[in-house]
Structure formats: C-alpha cells, structure tokens
Amino acid sequence: MSQAQPATASPETKEKDTIVVSGIQPSGTLHLGNYFGAIRQHISLHREHEAYFFIVNYHALTSLHDAEALAHYTMDVATTYLALGFDPEEAHLFIQSDVPEVTELAWIFYNLTPVSHLEKGVSYKDKIAQGLSPNAGLLNYPVLQAADILIYGGTLVPVGADQKQHIEMTRDTAGRFNHTFCDDDAPLFTLPEPLILDDVSVVPGLDGRKMSKSYGNTIGLFDEGKDLKKKVMSIVTDSTPLDEPKDPEADNVFALIKLFASDEKREEIAEAYRAGGYGYGHAKKELLGMIDSYFAEARERRRELKQRPDYVRDVLREGARNARAQAEPIMDRVREAVGIVSATR
Ligand code: TYM
C-alpha cells in the first residue's frame, strides 16, 4: 500500500475540464470489491483532478435502518479513505447529507423520471430479489445518484461495473433536464462518463459471486489475523486434486491474487497452476500474505486515525463547505431554469 505522495497540484491550479465524482455507501465495512472497483481509482485520481467523494448516507438509508450503525459506518468510511491515502489538501471528502441541495435537486429530477424506468433498474430488482423492502427510497435510488453527480458538474465517475446502469440513468436525466428546461445551445448539465476498469470491474467474493455486503461473501479491507485467515481458507474452489494441472482463469483464489500481484508474480503463480503439483491451499496461503501486507500500512494509519475523530470530522466539514460552494451556483441555475422562485432568497 503506498502512502500519500507529495502534493502535485493544489485544487485551485488543477484543470477544470474533468471533475471526478463518486459516492460510497456507509452501510457496512468496506471490502475488497469497493477498494479495487472504486476506491483505489478515487485515491489515484484525486491528485490529478478536481474531485468530490461523498459518503452517501441517504442512499444507505434505503436499506439500513439502524441509527447507530449508519452513524458509525459514516465516520468509518471517512477514516478508511484517509487511511488509504486520501489527501484532504487535494480534493473534497464529505457526507452527502451535508449538502442539502442534493436532495432538492433529486426532487426536481423525480418529476422528469418515468417510474417504468426505475422499476426496470437492475440494482433495484436485485435488491428486491434479496428480500429488501421495495420502499420508495430504494426505487428512487438512481435519481438521488444522478443528483449527486450532476450537482457538482461531475464529468467522470469511477465506479464498479454494477453501477453502469446508474450512470446511464444519470446521463438520461441530464439529457431530459437539458431538453426540457434549456435552450439547445446552452445545456445546463454535461453528460458524465463512467470510468469502469475492465480488470477489476467485478471483484468476486468468497463464493465466486460478486463480492457484496448483501451476499455475506466479503473480505474486509482491514480484516486481519484469524478472521482473515478463516475467510481466505473458505474461498470456494473446485475439487481438482493437488498434483493435477489447474486453469488459473477459472479459479476464484487466482482472481483475487491477480488484484494484488505484480505482473511477474501473477505469471509465476499462473504457471504453477498449469504445471500441477500446486494446490488451492498453496494459492490461498499466498493470497493471505498478499492481503495482509498490502493493507498493513493503511491498517496502522487507520488505528491512529481512530484516535483522532475530531480531525476526521474537520476534514468532512471542510469538504462539505467546498462541495456546497460548488453546488450552490449550479442549484441557482437549476431553480431559475425550472421556475422555482423564492420569496426569501
Ligand atoms: P456502494 O457503496 O454499493 O459501492 C461503492 C463502490 O464499490 C463498487 N463495488 C464493486 N466493484 C467491483 N467489484 C465488486 N464486487 C464491487 N462491490 C462494490 C461499486 O461499483 C461502487 O463504485 N450507488 C453507489 C453509490 C453512489 C454513487 C453516487 C456512486 C451514490 N451516489 C454517485 C457514484 C456517483 C454504490 O454502489 O455504492
């Protein structure tokens, strides 16, 4: 795990054509899927570009109804970003609900969104299939996500593959708004692009399905000791005997090894799989060591940061202040375009 690099450009001097935005739900402990699918890209992009990363507590509320847990995970996500090398001098990290304009914009977007589109949402249908209550928040989840992205003028959205449809819905929403309320030559919203990296777009979990809190198949970023070992040892493999050749590309353990290993190491292990005499137990041991050392420094930093909740709060407060400064003028233009007048503003 590499730690914070020296600052390369201050937020004021960064080029403004690309605005990176992304959100993460504080609905549980962050896992390898969150990291490789999204957070790692957030950390690497935030030095180069203007960037807004938000902890989407309103989104988490669609499935988590436990006040203590929601509050706890909200601060935990922030601590985790800082531990992983997010530098608050470089970009903005904040809590979604600290920018109330987001829910205001979401309300405006609801009025442009066909319910039939929301009902076809892959993520919505998936969550219902898992037994979550089909509440209105869950149905409208992608509309709030569109507001999250568009209110900061986001142009690039680094996410995992499961979010592809939500970004498409965001683009549709921006287009519909522009078409309904703006002149053709003066659209208010830019259509954002997703950034989905092929090799990490779906990180598999212990059972080979997508790693996800709701499947209970995750490896937490900061799992360690016996707990980590137990999880790694429980990764599902086929029953090819130890001495027989194996196909690395068909194996869950190797899929995770690929995330951590250098090209050279990856090839070496793939070769061992193909040659035979290398068992899944060997591969699991290798993976265990990789996870443990990859996050060792961040784990330590996280321990330190846990002792400094006031610092984490300060970072979030400053992040929200800057995010609001970005959101307010956009929201003013939206209200004007729609005809929402105020007797007090
Ligand atoms: P969340 O918290 O469910 O996921 C956060 C990010 O982690 C990615 N991810 C994965 N990537 C690869 N493999 C996996 N197994 C895996 N599991 C999770 C997700 O794709 C996501 O990028 N809806 C968003 C939260 C959100 C948002 C936004 C994102 C709300 N507003 C605005 C971007 C822009 C979500 O899925 O959160």
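The values are calculated or read from the model by the stated rules, or taken from the named source; none is laboratory data. For clarity, every value in this text was computed on a predicted model and none was experimentally measured. Note: ideal-geometry Cβ built from the backbone for every residue, glycine included; neighbour counts use all protein chains shown. Each accessible area value is taken on the protein alone, full model and side chains, heavy atoms only, with ligands, DNA and RNA left out. Shrake-Rupley method; radii C 1.70, N 1.55, O 1.52, S 1.80 Å.
Ser44: among the hydroxyl-bearing types (Ser, Thr, Tyr), more than 22 Å from Ala136 (Cβ to Cβ) and more than 12 Å from the ligand (Cβ to nearest atom), yes or no? When the stated conditions are applied, Ser44 passes them. Among residues of the stretch 121-149 that are outside any helix (DSSP H, G or I), those with a Cβ under 9 angstrom from a residue that is more than 12 Å from the ligand (Cβ to nearest atom) and open to solvent by less than 50 Å² (accessible area, probe 1.4 Å), sequence gap 6+ or separate chain, pair up as Gly121/Leu139. Taken over the stretch 213-246, the criterion of being at pLDDT 95 or above and within 13 Å of the ligand (Cβ to nearest atom) is satisfied by Asn217, Thr218, Ile219, Gly220, Leu221.
Residue-wise test of (1) of a type outside the set (A, V, I, L, M, F, W, C); (2) closer than 17 Å to His49 by Cβ; (3) near the ligand (Cβ under 10 Å from one of its atoms).
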| site | (1), (2), (3) |
| --- | --- |
| Tyr152 | yes, yes, yes |
| Leu156 | no, yes, no |
| Asp162 | yes, no, yes |
| Glu168 | yes, no, no |
| Cys182 | no, no, no |
| Thr190 | yes, yes, no |
| Glu193 | yes, yes, no |
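The residues listed here are His92, His117; of these, the one that is crowded, with 20+ Cβ neighbours inside 10 Å and either more than 10 Å from the ligand (Cβ to nearest atom) or under 30 Å from His179 (Cβ atoms) (or both) is His92.
This table checks each residue for (1) on the phi > 0 side of the Ramachandran plot; (2) touching a residue at least 40 places away in the same chain (Cβ under 8 Å); (3) surrounded by 13 or more Cβ atoms within 10 Å (Cβ to Cβ); (4) not assigned by TED's automatic domain parsing to the domain that holds Ile39.
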{"residue": "Phe177", "(1), (2), (3), (4)": "no, yes, yes, no"}
{"residue": "Thr180", "(1), (2), (3), (4)": "no, yes, no, no"}
{"residue": "Asp183", "(1), (2), (3), (4)": "no, no, no, no"}
{"residue": "Pro187", "(1), (2), (3), (4)": "no, no, yes, no"}
{"residue": "Arg209", "(1), (2), (3), (4)": "no, no, yes, yes"}
{"residue": "Ser214", "(1), (2), (3), (4)": "no, yes, yes, yes"}
{"residue": "Lys229", "(1), (2), (3), (4)": "no, yes, yes, yes"}
{"residue": "Val232", "(1), (2), (3), (4)": "no, yes, yes, yes"}
{"residue": "Thr237", "(1), (2), (3), (4)": "no, yes, yes, yes"}
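For the stretch 284-317, name all the residues that are within 28 Å of His92 (Cα to Cα), among the charged types (D, E, K, R) and open to solvent by less than 80 Å² (accessible area, probe 1.4 Å). Once the filter is applied, which keeps residues that are within 28 Å of His92 (Cα to Cα), among the charged types (D, E, K, R) and open to solvent by less than 80 Å² (accessible area, probe 1.4 Å), the stretch 284-317 yields Arg299, Arg301, Arg302, Asp314.
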